[in-house]
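Q: Please find one structure pasted underneath; my questions will follow.
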Amino acid sequence: FLTVFILVARPIVLEFRTPELLMITIFGLSMVGILAGRVAIKGIVAAGLGMLIGTIGEGASSGDLRMSSYDFPYLTDGLKLVIVGLGIFAIPEIISLLRQDRAISSKAQLGGGWLDGVRDWFANIWLSVRCSIIGVIVGVIPGLGGSVVDWIAYGHSVQTTKDKSNFGKGEVRGVIGPESSNNAKEGGGLVPTLLFGIPGSGSMAVFICAVALLGTGDIEVGPAMLKSNLNYTYAIVWLLALANVVGTLACIAVSGGIAKLTTIRFTLLAPFLFMLISFAAFQSGQNLGDLVALFALGLIGIFLRRFDWSRPAFLIGFVLSGPAEGFTNQAYQVARSKFRQGSDVGFDYIFSPIVIVLIIVTVVSIVVGIRQAKMMNPEGEVKAGHKRAPMVFMLIVMAYL
């Protein structure tokens, strides 16, 4: 599906001008800000904070320094995507497990049931196919997939089952449907990621981090890669399909050994994990400033996790800060010259049919997203300490903004 879709969409994407690309970027940001968290304001501020961090360094158009100086040259080039991803996600999870001061599990032996699981899947194969299609379609919308696709698939599973009384009590269809859509949404998330360089989900933002490590920075996910490195695009699509098969077989093969790791006290595993993270951050630029930035961002990630603010929204905001600024500057420069030729020429350039459609889609998606976010229930109570703590953190963020 992705191979055919990219083949058809490639000539269309290459015809996109700056206003269309800017509107798609705004669409991605609006979806992330609204749907990344259960509370809309938290998602919006988290994405905005990520964009603000992304503006550190020299301006793309003016070259002026922002939140940096030549006295500390490390920040003049901005923060690296890999370091931001590791600091926001990896360090908070390690610290959270360290606070528990225990092993993840008390026993390492896995129960049986492989064949039972396979039989259950074959018995509900058409439910799996339908929910996979739902996952691909919803995953195409930037920022939407990871937030609502499981709920949509679960609702479909309930609606298509005659006896609904077992849902919530171990009904296998309530597992097969959401998990099928959850796996399929990554394929859908690749569509905006590969075509426009806009992460379809938090995992796609991490994927862009991984691509940033390759080569010397010549590979840029988005329209540039479709134009100059189409073979890389198809390689990514087929490698994703192959990775699912290999990953499944590998997980089955090594599940016993992995289960034994869960019996080790995390205080023994944490130093090894910190070493791996520090090595990954250092090798990206081989600068001691990378380690300082890693742990500074890790502190921000700890606060975001502590107060249940969306870290994927922060990361996607950081990823899209560069494209949003660049497209805005380019669109402004071209639009200014168009308006000199006449107001009708300028408005035709800005409000093309594609832009108008994208504006409508963005507004509708925000409205639907807010309604969907209100229907979401948290998996459990979030212990955030004193009630004043989240407010203090939010005031600090707003003061920084």
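Q: When the residues of the range 8-67 are narrowed to those that are polar (S, T, N, Q) and either surrounded by 15 or more Cβ atoms within 10 Å (Cβ to Cβ) or assigned to a strand (DSSP E or B) (or both), which ends up modelled with the highest pLDDT?
A: Result: Thr55.
Q: Any residue at all in the range 145-165 that is at pLDDT below 70, of a type in the set (S, T, N, Q), touching a helix residue (DSSP H, G or I) at 6+ places or on another chain (Cβ under 9 Å) and assigned to a helix (DSSP H, G or I)?
A: So far as the range 145-165 goes, yes, one or more of its residues are at pLDDT below 70, of a type in the set (S, T, N, Q), touching a helix residue (DSSP H, G or I) at 6+ places or on another chain (Cβ under 9 Å) and assigned to a helix (DSSP H, G or I).
Q: A further question follows. Please work out which one of (1) buried (at least 24 other Cβ atoms within 10 Å of the Cβ); (2) assigned to a helix (DSSP H, G or I); (3) modelled with pLDDT of 75 or more; (4) within 19 Å of the chain's Cα centre (by Cα) is the condition Gly177 fails and give its number.
A: Gly177 satisfies every listed condition except (4).
Q: Follow-up. Could you tell me whether the range 77-91 includes any residue that is crowded, with 16+ Cβ neighbours inside 10 Å, modelled with pLDDT under 80 and either in a helix (DSSP H, G or I) or among the polar types (S, T, N, Q) (or both)?
A: Within the range 77-91, not a single residue is crowded, with 16+ Cβ neighbours inside 10 Å, modelled with pLDDT under 80 and either in a helix (DSSP H, G or I) or among the polar types (S, T, N, Q) (or both).
Q: What is the number of the single condition among (1) without any contact (Cβ under 8 Å) to a residue 40 or more places away in the chain; (2) farther than 17 Å from Val319 by Cα that Ser61 does not meet?
A: (1)
Q: From (1) over 16 Å from Ala90 (Cα atoms); (2) surrounded by 15 or more Cβ atoms within 10 Å (Cβ to Cβ), pick out the condition that doesn't hold for Ile359.
A: Status for Ile359: all satisfied but (2).
Q: Something else: Pull out all pairs, ordered by first then second residue, where Cβ-Cβ is under 6 Å, the residues are six or more apart or on different chains, the first lies in the range 92-120 and is closer than 30 Å to Arg311 by Cα and loosely packed, with under 11 Cβ neighbours inside 10 Å, and the second is modelled with pLDDT of 75 or more and of a type in the set (Phe, Trp, Tyr).
A: none
The values are calculated or read from the model by the stated rules, or taken from the named source; none is laboratory data. As the structure is a prediction and not an experimental result, all values here were calculated from the model. Because the Cβ atoms are built from the backbone with ideal geometry, glycine has one as well, and the counts that use them run over all protein chains shown.
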